[in-house]
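J.: Structure provided below as structure tokens; questions to follow.
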Amino acid sequence: MNGASSGGGGGGAGGDGPLVYQRWKGNNVFVLQGRFIFGPDARSLYVTMFLIIAPAAIFCVFVAKELMNNFSYGLGLPVMIAAVVFTAYDLSLLLLTSGRDPGIIPRNAHPPEPEGLDGNAEVGSNQTPPMRLPRVKDVVVNGITVKTKYCDTCMLYRPPRCSHCSICNNCVERFDHHCPWVGQCIGLRNYRFFYMFVFSTTLLCLYVFGFCWVYIVKIRNSEQVTIWKAMAKTPASIALLVYTFIAVWFVGGLSVFHLYLMSTNQTTYENFRYRYDQRANPYNRGVVENIKEIFFSAIPASKNNFRARVPVPQEQGLRPRPTNGFMSPNMGRAVGDIEMGRKPVAWDEPRMAAEIGDLGAGLGNLLEDKDSRFRNASPDLSRDALAIGGLDDQGSSVMNPGRTSWGVEAGR
């Protein structure tokens, strides 16, 4: 169920409020009441699972079973058991990669304040125009200055190595790429499982490929025929040989490529965009330390509790706190979601609507105060006030140019 569109409780506090995944602003899909989080293209998992399960089932039925029934030494049973266990292990890694938080950074409800700003400072009418937040900030990492960018969608400065995924619509820590085969972003919290999945898929392809050849050779030896005639007797083995030969180039090449990235402590995004061969990599600590960082370091806890209750102020839509005269890099002009390519909208549109409502209420209350003063002054003035209020002596309606219907409605 999608977190952005799923039903939930009202805006009550405590146990009556909706859960975080039910009000999620990203494009993710949630399963089992927020226990698993997938990308918007999670349906591609069915294709990936089919591409793994189908050849494994064919191998067990037409190759491993025949090895178990037609040949001695009990070769077929261990081969079949190993194939089933290996396939289940591969699928579990696929779900661990796809169904967990990849390292999503929670969004801010308002733009951040610049560092060093006094929170108690008031912005008067005679003060200079509001300052804009810088688009880029410099951060020192291992003695090397790296730039962090401001995200208009999440209203935060992205930490180093963080990027905004335009498919999931989230900022992800140590963003590597968005993988359509697993239907999820690959980031800080699932990169380890992603590589283990790719590498185990490579080993599974090699396993099936190798034992298909074993079966063909045993047919040739038992029937004393050529290798070509032996292959003709097992078309399933031929299909699996072709399939695994093609697949191993894909997943095997991906395994080698990511092994290189891990040994140099790069992400796919950094490798294609920044090219550390032209400048120093501040994250490279040597091959051994880089590998240990991926496989032997503790995976940080998720920064999102998808099954928690939405805080009451957010659910009730309270107005955001003032920003002390500082503005987002794009505040004050029509901006679009740069990362998502959405239609531009005015940054100040909600604020302008609220201010117009307050202005109308103030004008309505002011005019009502004036009417009450005139009624208490004298009978003649009360008669005049009655005319001003909208009725003449004959009871007919009179238009009051100083009090429009908009002002009356807003003042109720």
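The values are calculated or read from the model by the stated rules, or taken from the named source; none is laboratory data. Values in this document were obtained by computation on a predicted structure and should not be read as measured data. Neighbour counts run over all protein chains shown; Cβ positions are idealised from the backbone, glycine included. Note: areas computed on protein heavy atoms with side chains; ligands, DNA, RNA excluded. Shrake-Rupley method; radii C 1.70, N 1.55, O 1.52, S 1.80 Å.
J.: Tell me, please, whether a residue that is part of a helix (DSSP H, G or I), free of Cβ contacts under 8 Å to residues at least 40 places away in the same chain and over 15 Å from the mean Cα position of the chain (by Cα) can be found in region 182-198.
T.: No, region 182-198 has no match at all.
J.: Looking at (1) open to solvent by 10 Å² or more (accessible area, probe 1.4 Å); (2) free of Cβ contacts under 8 Å to residues at least 24 places away in the same chain; (3) farther than 26 Å from A280 by Cα; (4) aliphatic (A, V, I, L, M), which one does V139 not meet, given that it meets all the others?
T.: Going through (1) open to solvent by 10 Å² or more (accessible area, probe 1.4 Å); (2) free of Cβ contacts under 8 Å to residues at least 24 places away in the same chain; (3) farther than 26 Å from A280 by Cα; (4) aliphatic (A, V, I, L, M) one by one, V139 breaks only (3).
J.: May I ask you to verify whether V198 is open to solvent by less than 20 Å² (accessible area, probe 1.4 Å) and aliphatic (A, V, I, L, M)?
T.: The answer is yes for V198.
J.: Which one of the conditions (1) farther than 17 Å from I186 by Cβ; (2) open to solvent by less than 70 Å² (accessible area, probe 1.4 Å); (3) under 41 Å from the mean Cα position of the chain (by Cα) does Y283 fail to meet, given that it meets all the rest?
T.: Looking at each condition in turn, Y283 falls short on (1).
J.: List the residue pairs whose Cβ atoms are under 6 Å apart, where the first residue sits in region 77-106 and is within 20 Å of S302 (Cα to Cα), the second is surrounded by fewer than 19 Cβ atoms within 10 Å (Cβ to Cβ) and of a type in the set (S, T, Y), and the two are 6 or more positions apart or on different chains.
T.: From region 77-106, the pairs are D101/S302.
J.: Looking for whichever is charged (D, E, K, R), within 30 Å of F59 (Cα to Cα) and either modelled with pLDDT under 85 or not in a strand (DSSP E or B) (or both) here; the options are D101, D90. Which one fits? Spell out the reasoning first.
T.: Numbers: D101 fails: within 30 Å of F59 (Cα to Cα).
Just one listed residue meets the conditions, D90.
J.: Let me ask another. Looking at region 234-254, is at least one residue surrounded by 12 or more Cβ atoms within 10 Å (Cβ to Cβ) and over 22 Å from T202 (Cα atoms)?
T.: yes
J.: For region 213-280, please list each of the helices (runs of 4 or more DSSP H) lying entirely inside it that holds at least 3 residues being modelled with pLDDT of 90 or more and out of contact with any Lys or Arg (no Cβ under 9 Å at 6 or more places or on another chain).
T.: Passing ranges, in order: 235-264.
J.: Is there any pair with a first residue in region 242-257 that is over 18 Å from C212 (Cα atoms) and in contact (Cβ under 8 Å) with a residue 24 or more places away in the chain and a second that is of a type in the set (S, T, Y) and assigned to a helix (DSSP H, G or I) whose Cβ atoms are under 6 Å apart and which are 6 or more apart or on different chains, and what are they?
T.: V251/T201; V251/T202; G252/T202; S255/T202
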